[in-house]
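To start, the structure itself, in structure tokens.
The values are calculated or read from the model by the stated rules, or taken from the named source; none is laboratory data. In this text, all values refer to a predicted model and were calculated from it rather than measured experimentally. Virtual Cβ from ideal backbone geometry, glycine too; neighbours counted across all protein chains shown.
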């Protein structure tokens, strides 16, 4: 029997009775054992019911091709999740399930597996699908879910970063299609294993990273028409992190594990440590063991566009600089070195060799409030650099756009006024989830399949490795080797907790 999403600690949260009963859509095949026939819904297990997980669960439920049969999260339910604004997520769910009393009295976002189950059941009950009733199952352990839910066709992964690769690999080895929020994994070697497993399993895969931006095709057409000449530099900057970073040591004080949270399952493959609230919910992103920092959080969105526009492969070298940390110990200054958290601000440069008729190129990343120098063209227009953006510098001009390439324009304004855009010749993408659904049915691979996104996913994780050193690192992608600093090789790999090895 489904539970109501009421809080058993702290305070009561209003909710309505869940729908009961169950009907499983039988699995059929199209072109082999893995693909789902158009006449059948894709039976989906949804793993990760935190804030971003619930935000993306709702549009997934609206897809008639998808049937969510199970949800999973190591947290049963709690109202302590950060939201983008007061009741931002709770209000979205209230509207989605048509329940104005939803999460009434909650301190923050109400999340967890029982919340996910409630949202699924309430939405499907309202839809009154012909011949179906819903009772979505809820699991704490994704391994138990994969073992018991034999009928699922696919999994949707919305967990903290350190679990992405582990869940994706295990699911693909069972022949399940996989969609995952970025990154593929927060360790480079594990991301490569994700790619290689997808190749072997031949399942439909997709990584959410803005693969539906029409501006990418627009900029590609402009570049092909010679709007700014051959591109030699790309600058990309983000206002992230919005969460704590720059910590130099792990939390030392003891904290009780919250009711309903299975801390061992939340840790997954990461090394053992006591629970602390500084690790969980949105703040996991700042920790090396659990997140990918500002670059890993945001870079996938923009790098997807850059790789598509400029047809990049793997970099030849990378170097980085970062904010510093100092403390006063025994009445003198001491520089702190951190291997546990990402810096508060960083700048990273990747070097790419010439490819075909295109020259060598450098890609510059900035976060934590850092931005590139204001180009003369913006100075001439009396403009400042935007808080986030993308700047392409070619041999004949410059192109400025939003962070992921949206709203492109040539600078200065006079140059754009004289520019005559070429005709549209490239196809514009369909929505990301639709791309993956089509692939699950035996259609073409999505634009952000694991194979497609791996080159920039690797580049991002290599950049995070470079943040640990002042050296310029030379990269041999074929051998997965840092050739001039073998001592840095250890940071390409995850140290798996016993029993969690892949």
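Some notes on this structure:
Residues checked against (1) assigned to a strand (DSSP E or B); (2) within 30 Å of residue 369 (Cα to Cα); (3) without any contact (Cβ under 8 Å) to a residue 60 or more places away in the chain:
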site: 193; (1), (2), (3): no, no, no
site: 196; (1), (2), (3): no, no, yes
site: 203; (1), (2), (3): no, no, no
site: 219; (1), (2), (3): no, yes, no
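- Among the candidates 94, 137, 143, residue that is at pLDDT 95 or above and touching a strand residue (DSSP E or B) at 6+ places or on another chain (Cβ under 6 Å): 137
- Note on segment 384-403: residues that are farther than 15 Å from residue 374 by Cα and out of contact with any strand residue (DSSP E or B) (no Cβ under 7 Å at 6 or more places or on another chain) total 1.
- Out of 199, 173, 195, one residue alone is over 11 Å from the mean Cα position of the chain (by Cα), modelled with pLDDT of 95 or more and either in the same structural domain as residue 481 (by TED's automatic domain parsing) or within 21 Å of residue 464 (Cα to Cα) (or both). It is 195.
- Comparison of 165, 175, 229 shows that the only residue that is over 23 Å from residue 70 (Cα atoms) and in contact (Cβ under 8 Å) with a residue 12 or more places away in the chain is 229.
- Matching residues, segment 279-296, being free of Cβ contacts under 8 Å to residues at least 40 places away in the same chain and not in a loop (DSSP other than H, G, I, E, B): none
- Within segment 67-89, being more than 18 Å from the chain's Cα centre (by Cα) and surrounded by fewer than 22 Cβ atoms within 10 Å (Cβ to Cβ) holds for 76, 79, 80, 85, 86, 87, 88.
To keep it simple, each residue is scored yes or no on (1) without any contact (Cβ under 8 Å) to a residue 40 or more places away in the chain; (2) within 30 Å of residue 340 (Cβ to Cβ); (3) out of contact with any helix residue (DSSP H, G or I) (no Cβ under 8 Å at 6 or more places or on another chain).
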residue	(1), (2), (3)
395	no, no, yes
399	no, no, no
441	no, no, yes
448	no, no, no
466	no, yes, yes
473	no, yes, no
485	yes, yes, yes
498	yes, yes, yes
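- Verdict on residue 132 being modelled with pLDDT under 95 and either closer than 24 Å to residue 289 by Cα or part of a loop (DSSP other than H, G, I, E, B) (or both): yes
- Residue list for segment 297-333, filter: in contact (Cβ under 8 Å) with a residue 40 or more places away in the chain, farther than 20 Å from residue 239 by Cα and assigned to a loop (DSSP other than H, G, I, E, B): 311, 312, 313, 314, 315, 316
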